[in-house]
Amino acid sequence: MVTTIELPDELVDRLDTHLENDETRVELIEELLNIYESTRFVQEGYSE
């Protein structure tokens, strides 16, 4: 299943400035989520 999310042009421009090589926006968002989740687990005292 694919879900469409509408983002303001300014946010898309910001995302694009952080893309590396052939990285897609989806890959960047996945990486950001991974960072967020791992940081959150550390802050809450969890470890994997």
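Laboratory data are not the source of any read-out in this text; all were calculated from the coordinates shown. If you're wondering where the values come from, they're calculated on a predicted model, not measured in any experiment. Cβ placement follows ideal geometry from the backbone for every residue including glycine, while neighbour counts extend to all protein chains displayed.
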Full extension from residue 24 to residue 4: what is 0.36 nm times the residue separation minus their Cα-Cα distance, to one decimal in nm? 5.7 nm
Please compute the modelled spin-label separation between residue 34 and residue 14, points set 7 Å along Cα→Cβ, answer in nm with one decimal. 2.2
Taking every other residue with Cβ under 11 Å from the Cβ of residue 30 and scoring Lys and Arg +1, Asp and Glu -1, one gets -3
